[in-house]
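*Asks:* Quick one: the structure is below, and I'll ask about it shortly.
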Amino acid sequence: MSNLYRSALSARIAKLPVEPPHFDGEDNEEDEEADSLGSLPGSGMGPPAMPAMTRRPTKPKRDPNPEFSPISASSFFVEAVQVAVASRKLDCRVYYTPPKFANGTVMICQHGAGFSGLSFACMAKEIADLSKGECGVMALDARRHGKTTSSEPDDDLSIDVLVADFVEVVSAVFTDVASTPSLLVCGFFPALQSTHLIWTTKLIGHSMGGSIITRACPILMEMKYKIAGVAVLDVVEGSALDALPHMNSLLNARPDGFDSIEEAVEWHVTTKAIRNPTSARVAVPAIVKPSESTSPVIPPIIWRTPLRSTAPYWRSWFEGLSKMFLSARTARLLVLAGTDRLDKELMIGQMQGKFQMEVVPGTGHMLHEDDPTRLAEILVEFWRRNERLTVGIKKVGDL
């Protein structure tokens, strides 16, 4: 980790407050992904365990601020459905906007730790608009996140488990690809009454999700899916591992919970964990839930995914990420919020032209939420550059 990056991270920790200042028509999304602190990796051993019943400082209870009230995801995705994945004992929540044309592309998005598929909501709408419907977007909730549930204990969040989940969900949604590079959307989406051909797919992963999609890419290609590219959002192996010693301070800066969902949204916006209030109002309700406790020491609204419990898996999520990304046999895109984040392996790869890199200034770790328009422009341009090349010309990353 460079001195500049270390200084910036330390300054950020110091500024964080210790105390925080349906889709289907019937369920307002009540989960999301933890704030930008939550998706940063931690040490393999994890931070010290917190007492089970920490005392909440007494503070006056405020009425919910309507400026931070939840917004339904129905304006951003066409479908929100539960997909049964029997082989993984999962009932997976999937958000989907299909392409409007038979030769369209689907961008499949995997969120980071503590977040949910709704972190891609604003970006998904921008992608559909910019591509004029040629690109669809699918985002899913990982196990122990969002509205995905399991019929058996799902404490294991090791990278191999998460990758296997991702592959099986894709297989459950897009079937019959053994003899053709096309993907078929089967009947999991009620609005799609007829078979819909999808010619290609792109994989997009934020933070932990970037590690999942880079490892899933060769597996899906071996299964004969046509993967037109992988895009990793704001995660670099070297910087992620360097940040491990800071995780205790980062997690301690987060509140245990909130008095209302509106307060949870407001905390993310005021601390700049998410800099786009609209995205926060869509995404944050999905990452918190009612505590259903009458104890005065437990807040009414708590985190859906306690990040401390995932500590044993943090290091494994990111080790080997750079090598896996550079070895992907498809076009590669790395999008960062700052330039001071490339590790040695990626610096060499960039000089050799092995991937395309873009930097989005003025954003934080949740860059796809902070500036969904710019992210959509980058992803749609990446798709156009690599999907519509004349046969025989190498794509970005194929060198």
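*Asks:* Is it the case, given these coordinates, that K147 is open to solvent by 10 Å² or more (accessible area, probe 1.4 Å) and farther than 15 Å from V94 by Cβ?
*Replies:* No, not satisfied.
*Asks:* Would you confirm whether or not the range 295-310 contains a residue that is of a type in the set (G, A, S), outside any loop (DSSP other than H, G, I, E, B) and within 30 Å of T149 (Cα to Cα)? Talk me through it step by step, then tell me what you get.
*Replies:* The initial filter retains those residues of the range 295-310 that are of a type in the set (G, A, S), namely 295, 309.
Add one more test, that the residue is outside any loop (DSSP other than H, G, I, E, B), and what stays is 309.
Filter once more, keeping what is within 30 Å of T149 (Cα to Cα): 309.
Scanning the range 295-310, I find at least one residue that is of a type in the set (G, A, S), outside any loop (DSSP other than H, G, I, E, B) and within 30 Å of T149 (Cα to Cα), so the answer is yes.
*Asks:* Which of the residues that make up the range 322-345 are open to solvent by 50 Å² or more (accessible area, probe 1.4 Å), among the charged types (D, E, K, R) and not in a helix (DSSP H, G or I)? Don't jump to the end; show me each part of the working.
*Replies:* At the first step, the residues of the range 322-345 found to be open to solvent by 50 Å² or more (accessible area, probe 1.4 Å) are 323-324, 327, 329, 339-341, 344-345.
Among the residues that remain, those that are also among the charged types (D, E, K, R) are: 323, 329, 340-341, 344-345.
Within the range 322-345, R329, D340, R341 qualify.
*Asks:* A further question follows. Cβ-Cβ distance below 6 Å, separation of 6 or more or different chains: which pairs start in the range 50-69 with a residue that is more than 28 Å from V282 (Cα to Cα) and open to solvent by 60 Å² or more (accessible area, probe 1.4 Å) and end on one that is at pLDDT below 50 and not in a loop (DSSP other than H, G, I, E, B)?
*Replies:* Here the result reads none, with nothing in the range 50-69 linked to a residue that is at pLDDT below 50 and not in a loop (DSSP other than H, G, I, E, B).
*Asks:* May I pose another question? So, in the range 161-179, exactly how many residues are modelled with pLDDT under 90 and not hydroxyl-bearing (S, T, Y)?
*Replies:* Initial filter on the range 161-179 (modelled with pLDDT under 90): 173-179.
Checking the rest, the ones that are also not hydroxyl-bearing (S, T, Y) come to 173-174, 176-178.
The number of residues fulfilling the criteria is 5.
*Asks:* Further question on the same structure: For L233, indicate whether it is under 19 Å from the mean Cα position of the chain (by Cα), open to solvent by less than 10 Å² (accessible area, probe 1.4 Å), at pLDDT 90 or above and not β-branched (V, I, T). If you could, list the steps in order and put the result at the bottom.
*Replies:* On the way: under 19 Å from the mean Cα position of the chain (by Cα): yes; open to solvent by less than 10 Å² (accessible area, probe 1.4 Å): yes; at pLDDT 90 or above: yes; not β-branched (V, I, T): yes.
Spelling it out, L233 is indeed under 19 Å from the mean Cα position of the chain (by Cα), open to solvent by less than 10 Å² (accessible area, probe 1.4 Å), at pLDDT 90 or above and not β-branched (V, I, T).
*Asks:* OK, next. Within the range 127-157, which residues are outside any strand (DSSP E or B) and farther than 30 Å from T310 by Cβ?
*Replies:* Filtering the range 127-157 down to residues outside any strand (DSSP E or B) leaves 127-134, 141-148, 151-157.
Result: A128, D129, L130, S131, K132, G133, E134.
*Asks:* Run E319 past the list (1) acidic (D, E); (2) crowded, with 23+ Cβ neighbours inside 10 Å; (3) closer than 30 Å to N386 by Cβ and report the number of the one that doesn't hold.
*Replies:* (2) is the only condition that E319 fails.
*Asks:* With respect to the numbered conditions (1) surrounded by fewer than 24 Cβ atoms within 10 Å (Cβ to Cβ); (2) among the aromatic types (F, W, Y); (3) closer than 16 Å to I213 by Cα, which one is the sole condition not fulfilled by F101?
*Replies:* (3)
*Asks:* Right, something else. Within the range 103-114, can you find the residues that are modelled with pLDDT under 95 and either in a helix (DSSP H, G or I) or more than 20 Å from N386 (Cβ to Cβ) (or both)?
*Replies:* G112, A113, G114
Conditions tested, residue by residue: (1) open to solvent by less than 10 Å² (accessible area, probe 1.4 Å); (2) in a loop (DSSP other than H, G, I, E, B); (3) touching a helix residue (DSSP H, G or I) at 6+ places or on another chain (Cβ under 6 Å).
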| position | (1), (2), (3) |
| --- | --- |
| G209 | yes, no, no |
| R215 | no, no, yes |
| A264 | yes, no, yes |
| V284 | yes, no, yes |
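The values are calculated or read from the model by the stated rules, or taken from the named source; none is laboratory data. It should be emphasised that the depicted structure is a prediction, and the values quoted were computed from it without experimental measurement. Note that each Cβ is placed from the backbone with ideal geometry, even for glycine, and that neighbours are counted across all protein chains shown. Surface areas here come from the heavy atoms of the whole protein model, side chains and all, with no ligands, DNA or RNA. Shrake-Rupley method; radii C 1.70, N 1.55, O 1.52, S 1.80 Å.
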